[in-house]
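Peer 1: There's a structure below that I have some questions on.
What follows draws every value from the coordinates through simple rules; no lab data is involved. Keep in mind the model is a prediction, meaning the values are calculated, not measured. So basically every Cβ, Gly included, is an ideal-geometry build from the backbone, and we count neighbours across all protein chains shown.
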Ligand code: UDX
Ligand code: UDX
């Protein structure tokens, strides 16, 4: 059996598939990497001559795409030939939470993964190593293997016998730092049954990752480790956000508490920044998956434990919107609020599960007019996320004719969001929000004006000196 890898196919050109394959192509010039996706718009964007139009904004990605594309990195919609030619196929399609049927709201919908497995079974030739890159519920590899093998029986008249190995190789990259995470991973995890297949994938990573960082496990441990890593990370955010609420109530400062506990090497200092609540495509989905699995396997206490991490996060988001309303004299109807940041974190244009979505919806529901700024998120995306078109164009300097039923507008200029606004709410920690000229902002806001900093990036003294009222998450001092 051939375990030499000359050509790779990746199905799914999203936030995971795109950057991961760009790095593999960059580090392994002798391997041809074909990234395919059913979304032709996305593929066209990956092939765009204008690198600022790549479908994903990720610092450093454009440079890598520039030097690898058309050399050994190719983006196309031709799934059939990419599968045929591949010695190894990565599945990086999305696995959304099921919206109906058994497990609705919690379990992963594997329809895309299943569709990919069927395509692989149909078009692959000889021996193929299939690698799960998407985060999947434990024992999905079994499903993939079953599909691959049953399709093979179905096609037994084929002269050539197809064989498969299935590996789990979850991705731990975080958006915004994807390139560094891929180039210098804490670890690479490979789960599988066949040592030769594991070795074939390890060999690819060894082009830039030291061998001691490549962890080999059984396939189920690898799948579960990915869910567990995200659950532990999300749990830290809910833990620190819960303490932020307690700090506000008691006069402590959550940043001081975080620093104090973070110096304990058993706890560690990273991932202790209180914020508006975790977002991103993975945390909520993966925890709910864990909850579903725990219930399925008759462990309701385990399920309840992890579910509370998500419910605390939801409560925390509503707590922020309620607090804004309370500080603005209990009503925000016909008031203007400047929203700085809509992405779920800085350095990405991704808004999936962003805390800004729920918080903005709450404020609009209460009748506020939001002026939203984000350096990378488009107004079209915001309209999709809020399920609401922007208010009709008008001179945003006027605060007349506000709709009492609430709405939003987008602005490219953060300062213009302050014109006539009663408050500003910082929801994403974009670096450009840390050096705002608050005196300039103050001059054009309606007094009394509040600055609500849910990311602890603004300068308290400068804000107070600019005759603005200031609230910071977790700061009860
Ligand atoms: C997704 C999941 O969110 C994550 O949990 C998992 O670990 C990897 O896949 P991401 O890359 O961020 O992460 O998803 P997304 O940006 O939505 O990309 C998935 C791509 O797969 C889309 O471009 C979609 O068009 C494509 N796709 C989906 C296919 O090509 N074929 C399909 O059958 C389904
Ligand atoms: C996460 C995991 O970190 C990554 O390993 C996995 O592969 C995918 O899911 P990502 O969702 O891209 O990555 O971003 P991450 O940096 O983990 O942040 C998730 C959310 O937590 C963001 O909304 C972020 O703002 C929030 N967060 C993070 C905090 O509120 N405080 C922190 O200290 C860290």
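Peer 1: Take every Cα-Cα distance within the range 340-477, group them into 5 Å bins from 0 onward, and report for each bin the whole-number percent of pairs it holds.
Peer 2: 2, 10, 21, 24, 21, 15, 6, 1, 0
Peer 1: May I ask you to work out the translational diffusion coefficient for the range 165-216 at 4 °C, viscosity 1.567 mPa s, via Stokes-Einstein with Rh from the Kirkwood sum over Cα pairs, reported in whole µm²/s? It would help to have the intermediate numbers written out before the result.
Peer 2: Details: Rh = 11.4 Å.
The diffusion coefficient I find is 114 µm²/s.
Peer 1: What's the percent breakdown of Cα-Cα distances in the range 55-106 across 10 Å bins, shortest bin first?
Peer 2: Distribution as computed: 17, 31, 29, 19, 4 percent.
Peer 1: In 10 Å bins starting at 0, how do the alpha-carbon pair distances of the range 54-200 split up by percent?
Peer 2: For the range 54-200, the pair-distance distribution reads 10, 33, 37, 18, 3.
Peer 1: For the range 305-361, max minus min Cα coordinate along each principal axis, in Å, sorted largest first?
Peer 2: Taking max minus min along each principal axis of the Cα atoms, the range 305-361 gives 36, 30, 14 Å.
Peer 1: Please work out whether the range 31-82 counts as rounded, prolate or oblate from its C-alpha gyration tensor, where a ≥ b ≥ c are the square roots of the eigenvalues and a/c under 1.5 means rounded, while otherwise a/b larger than b/c means prolate and anything else oblate?
Peer 2: On the way: a/c = 2.28, a/b = 1.30, b/c = 1.75.
Oblate is the answer for the range 31-82, as a/c is 1.5 or above yet b/c matches or exceeds a/b.
Peer 1: Calculate the translational D of the range 173-318 in whole µm² s⁻¹ from Stokes-Einstein, where the hydrodynamic radius comes from the Kirkwood formula applied to all Cα pairs, the temperature is 20 °C and the viscosity 1.002 mPa s. Mind dumping the intermediate values first?
Peer 2: Numbers: Rh = 17.4 Å.
After rounding, the answer is 123 µm²/s.
Peer 1: Moving on. Given R₀ = 41 Å, FRET efficiency for residue 378-residue 261 by Cβ-Cβ distance, to 0.05?
Peer 2: E(calc), rounded to 0.05, equals 0.60.
Peer 1: Another one. Give me the percent relative contact order of the chain, please, defined on Cα pairs under 8 angstrom at least 6 residues apart. Walk me through the numbers before you get to the answer.
Peer 2: Numbers: 939 pairs, mean separation 56.8, N = 477.
About 12 percent, as a whole number.
Peer 1: Oh, and also: Mind running the shape call on the range 275-425? Use the C-alpha gyration tensor, a ≥ b ≥ c as the square roots of the eigenvalues: rounded below 1.5 for a/c, prolate if a/b tops b/c, oblate otherwise.
Peer 2: Values: a/c = 2.82, a/b = 1.98, b/c = 1.42.
Note, shape of the range 275-425 comes out prolate.
Peer 1: 7 Å from Cα along Cα→Cβ at both residue 118 and residue 50: what's the point-to-point distance in nm?
Peer 2: Here the modelled spin labels are 3.8 nm apart.
Peer 1: Another question about this same structure. Mind pulling the angle between the C-alpha long axis of helix 195-205 and the longest principal axis of the chain? Nearest 10 degrees, somewhere in 0 to 90.
Peer 2: Helix 195-205 sits roughly 50 degrees off the main axis of the chain.
Peer 1: Now for a different question. Can you compute the modelled spin-label distance between residue 111 and residue 301, with each label point 7 Å from Cα toward Cβ, in nm?
Peer 2: 3.8 nm
Peer 1: Within 10 Å of each residue's Cβ, count the other Cβ atoms and sort 472, 118 from fewest upward.
Peer 2: Least crowded to most crowded, the residues run 118, 472.
Peer 1: From the C-alpha gyration tensor of the chain, pull out the three semi-axes of the equivalent ellipsoid (sqrt of 5λ each), sorted largest to smallest, in whole Å. Each step should come with its number before you reach the end.
Peer 2: On the way: eigenvalues 388, 118, 86 Å².
Over the Cα atoms of the chain, the semi-axes work out to 44, 24, 21 Å.
Peer 1: Given labels modelled 7 Å from the Cα in the Cβ direction, how far is it in nm from residue 308 to residue 2?
Peer 2: In this crude label model, residue 308 to residue 2 measures out at 5.5 nm.
Peer 1: How do 15, 433 rank when sorted from fewest to most other Cβ atoms within 10 Å of their own Cβ?
Peer 2: On the way: 15 25, 433 21.
The most exposed by this proxy come first: 433, 15.
Peer 1: If you build the Cα gyration tensor of the range 211-265 and take the root of 5 times each eigenvalue, what three semi-axes come out, in whole angstrom, biggest first? Write down the numbers at each step before the final one.
Peer 2: Numbers: eigenvalues 230, 40, 6 Å².
Equivalent ellipsoid of the range 211-265: 34, 14, 5 Å, largest first.
Peer 1: Ok, one more. Taking the Cβ-Cβ separation of residue 211 and residue 84 as r and a Förster radius of 41 Å, what is the calculated FRET efficiency to the nearest 0.05?
Peer 2: Details: r = 32 Å, r/R0 = 0.78.
E(calc), rounded to 0.05, equals 0.80.
Peer 1: Here is a further query. Work out the FRET efficiency for residue 393 and residue 444 from their Cβ-Cβ distance, taking R0 = 25 Å, and round it to the nearest 0.05.
Peer 2: Working: r = 20 Å, r/R0 = 0.78.
The computed FRET efficiency comes out at 0.80.
Peer 1: Among rounded, prolate and oblate, which fits the range 1-116 when a ≥ b ≥ c are the square roots of the eigenvalues of its C-alpha gyration tensor, a/c under 1.5 means rounded, and a/b larger than b/c means prolate?
Peer 2: Numbers: a/c = 2.16, a/b = 1.36, b/c = 1.59.
Oblate, because a/c is 1.5 or more while a/b does not exceed b/c.
Peer 1: Just want the ordering: 318, 123, 373, from fewest to most Cβ atoms lying within 10 Å of their own Cβ. Provide the component values of the computation, followed by the final result.
Peer 2: Values: 318 13, 123 19, 373 24.
Fewest-to-most ranking of 318, 123, 373: 318, 123, 373.
Peer 1: Next up: Normalised by the residues of the range 6-85, what does the relative contact order come to in percent, with Cα pairs under 8 Å and at least six apart? List each step's numbers first, then the result.
Peer 2: Working: 116 pairs, mean separation 30.4, N = 80.
Across the range 6-85, relative contact order equals 38 percent.
Peer 1: Taking Cα atoms, how many degrees apart are the long axis of helix 140-154 and the longest axis of the chain, rounded to 10 and kept between 0 and 90?
Peer 2: 40 degrees
Peer 1: Out of all DSSP beta bridges in the chain, what portion is antiparallel? Express it as a percent rounded to 5. Walk me through the numbers on the way to the answer.
Peer 2: Details: 3 of 52 bridges.
Antiparallel bridges: around 5 percent, rounded to the nearest 5.
Peer 1: Share of Cα-Cα pairs in the range 424-477 beyond 18 Å, in percent?
Peer 2: Numbers: 322 of 1431 pairs.
Counting every Cα pair in the range 424-477, those more than 18 Å apart make up 23 percent.
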